[in-house]
């Protein structure tokens, strides 16, 4: 199995779990955050929703420079918009996880902010980071939802809310 196919398989599995988690974000809590240093649910969920779009960027560019491309998150204001945004980015990511990009996976990809370089490494590593970021931030969202007493869907098996 090619590396692209392995990424694609994991991407599809994580999309199922992420979809369940994002669908639980309550419309009336978009400004809520558990701590003053934390992101709001809106910021966190929007970031999770955009991450599948990083697949295209990783496979079709040599990097991202925030000094040249300032971060501008999508303005998401309810869960319907959130789910539409996530699905759009899932479709885009899926479209780029194709065998034609396999040969490019060893090419370097750089994340920077002007002269400050955060990371340089093969595109395959950035794909792994992208999927890991989806998982990481989804887990954060699970904590937010737990603190709001919203039942958590299972990720790799049943959650405590789904156990008997």
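The values are calculated or read from the model by the stated rules, or taken from the named source; none is laboratory data. Predicted model, so just to flag it, every value in this text is computed and none were measured. Because the Cβ atoms are built from the backbone with ideal geometry, glycine has one as well, and the counts that use them run over all protein chains shown.
Against the conditions (1) in contact (Cβ under 8 Å) with a residue 12 or more places away in the chain; (2) more than 14 Å from the chain's Cα centre (by Cα); (3) assigned to a helix (DSSP H, G or I); (4) surrounded by fewer than 17 Cβ atoms within 10 Å (Cβ to Cβ), where does residue 4 fall short? Just the number, please.
Single failed check for residue 4: (4).
Can you name every one of the strands (runs of 3 or more DSSP E) wholly within segment 50-164 that holds 1 or more residues which are touching a helix residue (DSSP H, G or I) at 6+ places or on another chain (Cβ under 7 Å) and over 30 Å from residue 29 (Cα atoms)?
Details: elements: 63-65, 108-113, 116-122.
Filter on segment 50-164 gives 63-65, 108-113.
Determine whether segment 121-132 contains at least one residue that is free of Cβ contacts under 8 Å to residues at least 40 places away in the same chain, farther than 20 Å from residue 56 by Cβ and surrounded by 13 or more Cβ atoms within 10 Å (Cβ to Cβ).
no
Kindly indicate whether any position in segment 34-47 is more than 15 Å from the chain's Cα centre (by Cα), surrounded by 15 or more Cβ atoms within 10 Å (Cβ to Cβ), without any contact (Cβ under 8 Å) to a residue 60 or more places away in the chain and closer than 15 Å to residue 146 by Cα.
yes
Please work out if residue 145 is modelled with pLDDT of 95 or more, closer than 22 Å to residue 4 by Cβ and surrounded by 17 or more Cβ atoms within 10 Å (Cβ to Cβ). Steps first, please.
On the way: modelled with pLDDT of 95 or more: yes; closer than 22 Å to residue 4 by Cβ: no; surrounded by 17 or more Cβ atoms within 10 Å (Cβ to Cβ): yes.
Against the criterion (modelled with pLDDT of 95 or more, closer than 22 Å to residue 4 by Cβ and surrounded by 17 or more Cβ atoms within 10 Å (Cβ to Cβ)), residue 145 does not qualify.
Between 114, 63, which is on the phi > 0 side of the Ramachandran plot, surrounded by 15 or more Cβ atoms within 10 Å (Cβ to Cβ), modelled with pLDDT of 95 or more and in contact with a strand residue (DSSP E or B) (Cβ under 9 Å, 6 or more places away or on another chain)? First the steps, then the outcome.
Numbers: 114 fails: surrounded by 15 or more Cβ atoms within 10 Å (Cβ to Cβ).
Of the residues listed, the single one that is on the phi > 0 side of the Ramachandran plot, surrounded by 15 or more Cβ atoms within 10 Å (Cβ to Cβ), modelled with pLDDT of 95 or more and in contact with a strand residue (DSSP E or B) (Cβ under 9 Å, 6 or more places away or on another chain) is 63.
When the residues of segment 7-33 are filtered to those that are over 16 Å from the mean Cα position of the chain (by Cα) and part of a helix (DSSP H, G or I), which remaining residue is surrounded by the fewest Cβ atoms within 10 Å (Cβ to Cβ)?
It comes out as 28.
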